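What follows draws every value from the coordinates through simple rules; no lab data is involved. None of the values given here were measured: they were computed from a predicted structure. In this analysis, Cβ positions are derived from the backbone assuming ideal geometry, glycine residues included, and neighbour counts consider all displayed protein chains.
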Amino acid sequence: MNEQHEPDGRLEWWYARLLALFPAGHRAEYGDEMLGVLLAGSRPGQRLPRLGEAANLVGSAAWMRLGGRGAGAVDRRWTDTAAVYGLVTSLLLVLAPARYVAADMLFTWRLDGARMVPSTGVLVSMLLWGLAATAACTRWGGVSAGFAWLGAGHQVWLLSTAYPSEPELLVRRWWMVVLMLSAAFALTVRGRVRGAAVLGGVRTGVLALALTVLTVLPAAEVLLAETSWQMDGGFEIASWGGYQLKSFLGEQPVQGVLSLALEAGCVLALLGCLIGLPPAVRRRLPVLGMPALLVLVTVPSVFNGFLMSTVRFDPPVLLAAGEWAYLVLLPLLTLLAGGVLLERAERHAHLVGLGLAAEREALLRRTGAAS
C-alpha cells in the first residue's frame, strides 16, 4: 500500500504560478482539479515541478491563450494578429535567404566565371516557406500551417544532424528555430483568417513591393558594380556610384548608393504598414515576435563561454541539461508572460475607461439636476 505524503508548500506555490498562465475561465472550472492531480502525482520531497510538467503546462497555456482547442471562443484579436504575423514571417523566411543567395551567386560568377549552386537544405527551406506564404494568403489554414510545420521541422532536422559534431551551430541558429516555430504556431492559430485581409489591399501591396526591392537589391548592386583586374592579377569590384558602405540589413558582397537610398526607405515602408494596423493587432505582434528576438539578443552572450570552448575539443562539448532548459523555456515563458501582461494591461485600461465614463455620466446628471 502506497504511503501518503504531504506535498511541499513551495511545490504547490510553483504549480499555482504555472496554472495562473491559463485563461481565467479555464482556471475557474478546472484549476483546483488540475492542482490536485499535479500534487497527487508529485514525489516525496519534491520542491519544484519537473521539467516535462512545466513545459507541458506552459505549452498548453500558450495554446489556449491564443485560441487553441478547449479555450472556448477564439479571440478574433489574436487570430488576426496570428494571420498577419504568420504571413509576414513566412515571407521573410523565403526572401531573406533568397536575398543573399542570389547576390552570392552573381558575385561568384562575376569574380571568376564560376557557378555557385545553393545547398539543398537552403532550397528545400525556401520552397516550404514559399508554399506556406502562398497558402497563408488563402483561407486554407491547415495547408499553410502544414507547410510551415514542415519548414520548421526541416530546420530542426538539419541542426540535429549537425549537432554531434557542430553543437555551436544549433546555439547560433536557435533564434531561427524559435522564429520558424512561432510562425508555424501562428498559422495554425489563424484558422481561416487571411493576413492580407487584415493588412488591407494597400498595405499588402506596399509590403510586397518593399520586400521585393529588399530581396533583389543585393543582386542589383552586384550586376551594376564596376569590376577591373589589377596589374598584380588581383580583381577589384566597386559599387555603382563609387561609394562603399555597410549595408543597413547586414553583409552583402557589394554595398553602395542603392543600398543607402533604398534599404532605409523600404524598412520605413514596412514599419508604416505594421503601424497602420488596428491597435489590438499592433499590440499583439510584439508578443509573438519577442521570443525569437529575445533568444537572438541574449543567447550569444549567455552561451559565450560554451561557444568559445566547445570548438576546442574533439569531440566537441555538448549542451548540458540546464542549457537546454534555458533554450526551451526562455521563448515559451516569454510568449506566455507577454500574453498575460498584455491581457491584464488591456483589462485594466478597459476598467479605467468604464470608471471614467461612469464619472462623466454622474457629473452630467448632477449638472442637469442643478440646472
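Some points to look at:
- The string of couplings for the stretch 295-303 from the Karplus curve (6.51, -1.76, 1.60, θ = phi - 60°) is 5, 4, 7, 8, 4, x, 7, 5, 9 Hz, one whole number per residue in order, with x for Gly and Pro.
- Per-residue 3J(HN,Hα) values for the stretch 80-85, derived from phi via the Karplus relation 6.51 cos²θ - 1.76 cosθ + 1.60 with θ = phi - 60°, read 4, 5, 4, 5, 5, 4 Hz in sequence order (x marks Gly and Pro).
- 3J(HN,Hα) along the stretch 318-331: 9, 5, 8, 4, x, 5, 4, 4, 4, 5, 7, 7, 4, x Hz, from the Karplus curve 6.51 cos²θ - 1.76 cosθ + 1.60 with θ = phi - 60°, whole Hz, x for Gly and Pro.
- Linear extension gain, VAL37 paired with ALA16, 0.36 nm per residue minus alpha-carbon span: 6.3 nm
- FRET efficiency, 1/(1 + (r/R0)^6) with R0 45 Å, evaluated for ARG115 and ARG347 via beta carbons: 0.15
- In this Cβ point-charge picture (+1 for Lys and Arg, -1 for Asp and Glu), the stretch 49-204 has a dipole of about 560 debye about its Cα centre.
- Annotation for LEU363 and ALA197: the two label points, set 7 Å from Cα along the Cα-Cβ direction, are 4.2 nm apart.
- Sorting PHE22, PHE306 from the fewest to the most surrounding beta carbons within 10 angstrom yields PHE306, PHE22.
- Exposure proxy ranking, count of Cβ atoms within 10 Å, fewest first, for ASP80, ASP314: ASP314, ASP80
- Going from the residue with the fewest nearby Cβ atoms within 10 Å to the one with the most, GLU221, GLU343 rank GLU343, GLU221.
- Cα gyration tensor category, rounded, prolate or oblate, for the stretch 290-340 with a/c compared to 1.5: prolate
- On full extension, the segment bounded by THR227 and MET290 gains 18.5 nm, given 0.36 nm per residue less the C-alpha separation.
- Computed from label points 7 Å out along Cα-Cβ, the spacing between ALA162 and LEU329 is 2.8 nm.
- Length released on extending from LEU51 to GLU29, taking residue separation times 0.36 nm less the Cα-Cα span: 5.4 nm
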